[in-house]
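Here is the structure we will look at.
Readers should treat all values here as calculations from the given coordinates under stated rules, not as data from a laboratory. Keep in mind that what you see is a predicted model, and the values were worked out from it rather than measured. With ideal geometry, Cβ positions are generated from the backbone for all residues, glycine too; neighbour counts draw on all protein chains shown.
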Amino acid sequence: MSGASAGQEEIRQITEVLSQKRRWLPANALRYCPVCIRAGLHYRYQQDRRFRLCIVHLKRLREGCPDCGSAIDTKGTQIHGYVCSRCKKSLLVRDAPELRTLDQIERDTAIYDDLERWQWEAEMLHVGYQRAGTGYAFDLWYGLSLNSQSGLYWRALALAPNQRVAAALEPTPISFHIFPASSLSAPIQPYENEGVASDGLQPYMRLMNAVSRHLRRTHLRGHGACCRYAIGAMGGLRRRATGEVSIDPRLCCLGQAYALWRLQWNGEFQRMAGTLTLRHAGVDSNDFRLPNLGAAQLSLISSFQHWVDAIAQIQDAFGELNRRVLLDGVSEMPHWALLQERALYSCPIHFRHPDLRSLGRCDRGQVKRREQEEIFSIRNKIERSR
């Protein structure tokens, strides 16, 4: 993705990726190879959902008890990690364990050594590159990659082919095609003043406007009045994003999330311009970088989802109360800032909503009624003051 601004088709692809099922979450329930487990063997990589097959036997990894289908607890809090806590069926065949010959053991060991070497090479191949993080992974049993590295295996396959690993991995995800790895951007040299720095940030500002247009045409379609009212109630988009912002949990979640999103990013671009000037650059060791525009799109859309999720939680907690709520955090940096010091990656996604519009909880008449109530209140105050 290149150019000064993003096309609406590219942004649509990103929103589709964000609505996909969480793919790379390491399994909390046991995943196992039916052949390995008969010999009492289980390996760390089998918990990583990026792998669909056992790398030795090329058998599909299974989940759950073979008898009742219940998930098997990896923490072993019930019995131990190889026994179903529901039907007490053990995956280990104690009476007749599968015996392996010395040649089989040596062959399997060589395959696992090769996998370990390849995984180490894959981790090293990220140096000097950045990639938008579209997975949803976290550390589980040392060795599983964090979200920001969850897509590196497919890039590593292209640079260091390994037929057995390629066969065991899931097919290359669509997010890898939309957000390919790109060379790490060069450190940004400090600008003379904030005006010049703002000019340098213009591609990202235009990108935000493009994302804003897409959101208004899709997720916010039919909620234009909600957005306008929320922006006005918060003091307009030109106000400084400092301190707390007052929101009404009874009103449209999408409209208020959009107003907070715009308010935060307007303040963030001002902060970025200040950071990139000579007088704010700091010591020589600072190494500020900006992501490519494709990764920046993901960051902008993800931060909108972040605000929708935050307002939805506030509605659940305070929606029945007839009062406004003070919300802090608008003056903080976005969920994942564009300008990072010595950054390698951008925007890990922590949650996804297949249908953000379902969180709107808006009957489209709330805003109109609220506007009329405020007009009547102002008129009453004027009449009482006469």
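Scalar couplings 3J(HN,Hα) for the range 204-210, obtained by applying the Karplus form with A = 6.51, B = -1.76, C = 1.60 to θ = phi - 60°, are 6, 5, 5, 4, 4, 5, 5 Hz; x denotes Gly and Pro. Residues whose amide H lies under 5 Å from that of residue 129, counting only those 5 or more places away or on a different chain, are 184; hydrogens are built 1.01 Å from N in the peptide plane.
Extension gain, residue 44-residue 316: 0.36 nm per intervening residue step, less the Cα-Cα distance, totals 94.1 nm. For the pair residue 35 and residue 376, the difference between a 0.36 nm per residue extended length and the Cα-Cα distance amounts to 115.3 nm. Sequence-ordered 3J(HN,Hα) estimates for the range 185-202 from the Karplus curve with 6.51, -1.76 and 1.60 and θ = phi - 60° stand at 5, 6, x, 7, 6, x, 8, 6, 8, 5, x, 5, 5, 4, 4, x, 8, 4 Hz, glycine and proline given as x.
Take 82-89, 206-213 and order them by the average number of nearby Cβ atoms within 10 Å per residue, most first; the result is 206-213, 82-89. Suppose R0 equals 56 Å; then what is the FRET efficiency for residue 104 and residue 185 from their Cβ-Cβ distance, rounded to the nearest 0.05? It comes to 0.70. For residue 369 and residue 159, the difference between the fully extended length at 0.36 nm per residue and the C-alpha to C-alpha distance is 69.6 nm.
Between residue 384 and residue 167, the modelled labels are 8.1 nm apart [label points 7 Å from Cα along Cα→Cβ].
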